[in-house]
1. Please list, ordered by first then second residue, the pairs with beta carbon atoms under 8 Å, 6 or more apart or interchain, first in the stretch 11-29 and without any contact (Cβ under 8 Å) to a residue 12 or more places away in the chain, second of a type in the set (A, V, I, L, M) and not in a strand (DSSP E or B).
2. Can you find, within the stretch 48-69, the residue that is nearest to L28 (Cα to Cα) among those that are part of a loop (DSSP other than H, G, I, E, B) and of a type outside the set (D, E)?
3. If we keep just the residues of the stretch 4-57 that are β-branched (V, I, T) and under 9 Å from the mean Cα position of the chain (by Cα), which is modelled with the highest pLDDT?
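The values are calculated or read from the model by the stated rules, or taken from the named source; none is laboratory data. Keep in mind the model is a prediction, meaning the values are calculated, not measured. Heads up, the Cβs are rebuilt from the backbone with ideal geometry, glycines too, and the neighbour counts pull from every protein chain shown.
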Amino acid sequence: MIFGERAPTRRQSIDGNLLENVEQFTYLGCNMTYELENMRKVRTRLAKATTTLKALEKVWRSKHIEIETKKKVLHTCIFSTLRM
């Protein structure tokens with residue numbers, strides 16, 4: 001995969017295999033685009049955090065888990081997903 005020029009001036013190859021030019025890709029959970037469109041990145045992070053938040057619903061409703069423990073889970077699992 002090649003990323004960097006919308007229309008590369010020359011074709012790149014490695015060991016005789018031509019590399020494909022792409023307009024966007026995901027790297028370490030971040031969507032990279034030519035336009036450096038941040039809204040897609042923000043929406044993706046929000047969706048991941050929301051999914052994780054809903055998956056931990058039993059933790060949030062539990063009366064046997066202390067509020068301090070719940071706050072640590074929130075910071076570790078949810079807020080870390082939102083940070084850039």
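1. Listed by first residue and then by second, the contacts come to R11/L19; Q12/L19; S13/L19.
2. Applying the first criterion (part of a loop (DSSP other than H, G, I, E, B)) to the stretch 48-69 yields 56, 62-66.
When the remaining residues are screened for being of a type outside the set (D, E), the result is 56, 62-65.
Numbers: L56: 23, S62: 33, K63: 36, H64: 35, I65: 32 Å.
Per the criteria, the residue is L56.
3. From the stretch 4-57, those β-branched (V, I, T) are 9, 14, 22, 26, 33, 42, 44, 50-52; that's our starting set.
Pick out the ones that are also under 9 Å from the mean Cα position of the chain (by Cα) and you get 26, 42, 44.
Details: T26: 74, V42: 79, T44: 83.
So, considering only residues that are β-branched (V, I, T) and under 9 Å from the mean Cα position of the chain (by Cα), the one modelled with the highest pLDDT is T44.
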